[in-house]
Amino acid sequence: MIAFSPTEEQTLIAETVKRFARERMRSVFREAEESSELPWEVVNKGWQLGLLSAAIPEDYGGLGDAQPTVTGALAAEELGWGDLALALAIMVPGLVALPILYAGTEEQKRTYLPRFSDEGYPKVTAALIEPRFRFDPAALETTAVRQGNEYVLSGRKAYVPLAAGAELFLIYAAEKGQTQAFLVERGAPGLTVGERERLMGVKALDTYELALDGVRVPASARLGGDAGIDINRLLNHSRVALAALAVGLARGAYEYALEYAKNRVAFGEPIAQRQSIAFMLAEMAIEIEGVRLSTWEAAWRLDQGEEATRECVLARQNANAMALMVADRAVQILGGHGYIREYPVELWLRNARGFATFDGLAMI
Amino acid sequence: MPIEFKTPGAIQQVVSMAQMVAEQVMRPKAAYYDEHEHEIPWEYINMMWPIVSQSPLLGADDSRNGHGEAERKRSPITNVRLIHIVEMLSWGDAGQYLCTPGGNLGAAAIAAVGTPEQKRRFLSRFQGEKPAWGAMAMTEPQAGSDTSAIKTTAVRDGDFWVLNGEKIFCTGGRLALEESNGLVVVWATVDPKAGRAGMKPFVVEAGTPGVTVTKLEPKLGIRASDTASILLQDARIPFDHILGSPEVISDTGGEKGFKGAMKTFDATRPIVAASALGIARATIEYVKHLLNQEGITIRYGAPLHQLSAVELEVMDMEAQHRAAWLLTQKAAWMMDMGLNNNLEASMCKVKAGDAVTRITQKAVEILGPLGYSRAHPVEKWMRDAKINDIFEGTGQINRLIVARRILGYTSRELK
Ligand SMILES: Cc1cc2nc3c(=O)[nH]c(=O)nc-3n(C[C@H](O)[C@H](O)[C@H](O)COP(=O)(O)OP(=O)(O)OC[C@H]3O[C@@H](n4cnc5c(N)ncnc54)[C@H](O)[C@@H]3O)c2cc1C
């Protein structure tokens, strides 16, 4: 059938995350941004919502959601509405758990997955992006070379979230021209966590460069064993996650601008009563809903086991453009006030621009 | 029902039938009817009549059981099914699609506000031996978006109404009045001072003295479809041809008067959106086909710095098309579920009207010398596309509706 109503369970999850976003994330997000510090208490609470565990099958200690990606999209929208930096932080463990779930060997799944249902936030991270303009997830500059029973990793990574405290890294590297992923423990010789990066937005989330100088890992550390990974499949799960977060961010900006426009009076009446403002709001609402449905469809196809690259790519690209458009208009609707950091819309504009860059930085 | 995007088998079946008609009957003649404006596409009509008279696309199924129970008896996929068919027929040729015999907008209005007896009486002709058309005439020279400005009058004279005025831009007006035993639902005012409360729909049947088609508009596109001017000169119609109540009462709360009829837009806007998106899909497929022949395939997921401008354009076309089609499906699905879809109907109409306009205009550009040439269909699709941003409420009017809904404003608060 064609149907647009989440199940009761999904609605319940979305409602729970929505409440968390409103009560916990929204009360701290501006301060977190200004101080460039994660409010760990909130991140831990977000982790304890158990969203990742819900997506992991029962065999590996999770709850085994029947539509994990659709549910993930619903939850990610709410987190994205709350705050992008905090949302990404809450979702970081998924950057390791989900590739293991989708591409790992049976042994890797049994070894690693159960810990993602623990109450404590897992100290793990993943490194895909590289610090260069020509970055291409399918043609990485970081290399992995097989030497006997080991792989040797060399190269540089960027945008590695929470790397300073991570104990396990999933590092993507090109092996014979194919993107593969390797599980690397903290303290591996040659692995250096660099300086904290300074980004345009999502400042509360600390990200780092990573240097790999001949880092040796056992052959068993290669994700998926001999079969390796299909990077595109993993990227599809990232694309829908980013699209869903973008929908949430945009919805937040739209709702804020709408309320503002109804209350701000100019020339004797609320600015929302002028068509140029009202039409902007109408278009924002339409575009948000269009991307939301495109995201759901892409997520649904992934849950059906379809390849769905086209749908995932298009949903994400459209989401990038949409989120930027919506956030920009939100600033415009607030006028000069929109430019001031005491209002949230300038932050949403900076964060929205990030979606184009955040390959692999969120996954559902 | 969980979130799902699988077209049901029953819909796939009718869609593949529609596809056969589109490929074998409509496509081969699309250019011909574009170049021979106002010729009637009888092959298509005669092909469709046995199908639609058995299983009407819109509205007319209400005539079978005049108990007002039709809503309940409708299968829960009626509207979703309909938009799929319309999309496919418009993929074939939007001009011919608009000549599809049946009650069309006229029947939609009758179904929305007629009594069970009126539905039976007026709609049975759409199940007869010969093709018949219904049409709807609201627009007048001085009244388009502002429907409350209509001047056509209806004056009671015993058991009759006497109608006087001029209607323009009536889609299928000629097919309804001159080419079949059809009908036109004509909007007129019974009290010019009463504004919207005085506006009433009247059923005017083919052959009514004093009713003449005075002009067929020459158009940018959809040239197979007639856009008729209708002159009403002391046209006498039986008293019980008024739909809904003859009383001039303000419409608060009532679903039967002007507001009730405006509700038909909730059903028809997704249909217009679907038609737009059939043209959009045809265009995207054609562009991709020609690009493929030149060895250009779209590399989904390749990084931005590797993608060509053309690849990015095509991806954007596809993304906008998809978003619009999902919005349209949602609006139709909500109707099937018995939910109020007033907001969603206007949302999908705005998005589809925008998307098809941009996609087709971009396609002409991308294909360069082939795009602008009448030897290829893309320039025609661009011309056909534009009407979807205009009729059934312009893009601006539908934005107004969306804006009022999201802001909680009345039409007085947001003009
Ligand atoms: C091919 C074709 C078929 C048609 N079929 C039918 C039919 O079957 N039955 C029927 O009754 N009518 C039909 N119409 C009429 C159609 O619905 C009207 O043309 C349409 O509603 C616009 O009205 P208008 O042309 O008078 O433009 P106007 O109302 O004069 O609008 C001109 C411009 O002003 C904008 N505008 C108007 N009001 C506002 C506002 N409040 N805020 C912002 N912008 C505004 C409009 O969006 C438009 O851009 C048809 C028209 C065409 C061209």
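The values are calculated or read from the model by the stated rules, or taken from the named source; none is laboratory data. Every value quoted in this text rests on a predicted model; they were computed, and no experiment measured them. Note: ideal-geometry Cβ built from the backbone for every residue, glycine included; neighbour counts use all protein chains shown.
Please enumerate the residues belonging to the stretch A:44-79 that are within 15 Å of A:ALA250 (Cα to Cα) and either in contact with a Lys or Arg (Cβ under 8 Å, 6 or more places away or on another chain) or modelled with pLDDT under 95 (or both). Passing the criteria: A:GLU77, A:GLU78. Listed here are the strands (runs of 3 or more DSSP E) enclosed by the stretch B:125-233 that have at least 3 residues being within 11 Å of the ligand (Cβ to nearest atom): B:134-137, B:160-171, B:183-189. Kindly indicate whether A:GLU346 is in a loop (DSSP other than H, G, I, E, B), surrounded by fewer than 23 Cβ atoms within 10 Å (Cβ to Cβ) and without any contact (Cβ under 8 Å) to a residue 24 or more places away in the chain. Considered against the rule, which asks whether it is in a loop (DSSP other than H, G, I, E, B), surrounded by fewer than 23 Cβ atoms within 10 Å (Cβ to Cβ) and without any contact (Cβ under 8 Å) to a residue 24 or more places away in the chain, A:GLU346 comes out as no. Being among the β-branched types (Val, Ile, Thr), part of a strand (DSSP E or B) and either within 16 Å of the ligand (Cβ to nearest atom) or crowded, with 24+ Cβ neighbours inside 10 Å (or both) is a property that B:ILE110 lacks. Among the residues that make up the stretch B:268-290, is at least one of them among the aromatic types (Phe, Trp, Tyr), away from chain A (no Cβ under 14 Å), in contact (Cβ under 8 Å) with a residue 60 or more places away in the chain and away from the ligand (no atom under 12 Å from the Cβ)? Among the residues of the stretch B:268-290, at least one is among the aromatic types (Phe, Trp, Tyr), away from chain A (no Cβ under 14 Å), in contact (Cβ under 8 Å) with a residue 60 or more places away in the chain and away from the ligand (no atom under 12 Å from the Cβ), which makes the answer yes.
Please go through the stretch A:299-311 and pick out each residue that is under 13 Å from A:LEU235 (Cα atoms) and at the interface with chain B (Cβ under 8 Å from one of its Cβ atoms). Can you show your working first?
Here is the first cut: in the stretch A:299-311, the ones under 13 Å from A:LEU235 (Cα atoms) are A:299, A:302, A:307-311.
Matches in the stretch A:299-311: A:THR309, A:ARG310, A:GLU311.
Evaluate the following for B:LEU327: is it over 27 Å from B:THR171 (Cα atoms), away from the ligand (no atom under 13 Å from the Cβ) and either buried (at least 24 other Cβ atoms within 10 Å of the Cβ) or without any contact (Cβ under 8 Å) to a residue 40 or more places away in the chain (or both)?
no
I'd like to check something: does the stretch A:135-144 contain any residue that is out of contact with any strand residue (DSSP E or B) (no Cβ under 8 Å at 6 or more places or on another chain), within 14 Å of chain B (Cβ to nearest Cβ) and not in a helix (DSSP H, G or I)?
yes
Could you please let me know if B:HIS67 is away from every other protein chain (no Cβ under 14 Å) and modelled with pLDDT of 95 or more? No, not satisfied.
Looking only at the stretch A:255-272, decide whether some residue is assigned to a helix (DSSP H, G or I), within 16 Å of the ligand (Cβ to nearest atom) and within 12 Å of another protein chain (Cβ to nearest Cβ). Within the stretch A:255-272, one or more residues are assigned to a helix (DSSP H, G or I), within 16 Å of the ligand (Cβ to nearest atom) and within 12 Å of another protein chain (Cβ to nearest Cβ). Might you check whether a residue that is surrounded by 24 or more Cβ atoms within 10 Å (Cβ to Cβ), in contact (Cβ under 8 Å) with a residue 12 or more places away in the chain, outside any loop (DSSP other than H, G, I, E, B) and touching a Cys at 6+ places or on another chain (Cβ under 7 Å) occurs anywhere in the stretch A:313-325? Within the stretch A:313-325 (the criterion being surrounded by 24 or more Cβ atoms within 10 Å (Cβ to Cβ), in contact (Cβ under 8 Å) with a residue 12 or more places away in the chain, outside any loop (DSSP other than H, G, I, E, B) and touching a Cys at 6+ places or on another chain (Cβ under 7 Å)), the answer is no, since none of the residues qualifies.
Residues of the stretch B:3-22 that are out of contact with any helix residue (DSSP H, G or I) (no Cβ under 7 Å at 6 or more places or on another chain) and part of a helix (DSSP H, G or I): B:GLY9, B:ALA10, B:GLN12, B:GLN13, B:SER16, B:MET17, B:MET20.
Inside the stretch B:367-376, can you point out the residues that are crowded, with 18+ Cβ neighbours inside 10 Å and assigned to a helix (DSSP H, G or I)?
Initially, the stretch B:367-376 is screened for residues crowded, with 18+ Cβ neighbours inside 10 Å, giving B:367, B:371, B:376.
Selection gives B:GLY371 alone.
Residue check: A:ALA14 meets all listed conditions (1) away from every other protein chain (no Cβ under 14 Å); (2) surrounded by 15 or more Cβ atoms within 10 Å (Cβ to Cβ); (3) part of a helix (DSSP H, G or I) but one, namely (1).
Check B:SER346, B:SER411 and return the single one that is within 11 Å of the ligand (Cβ to nearest atom) and of a type outside the set (A, V, I, L, M).
B:SER411
Evaluating B:LYS219 against the criteria (1) within 20 Å of the chain's Cα centre (by Cα); (2) buried (at least 21 other Cβ atoms within 10 Å of the Cβ) leaves one unmet condition, (2).
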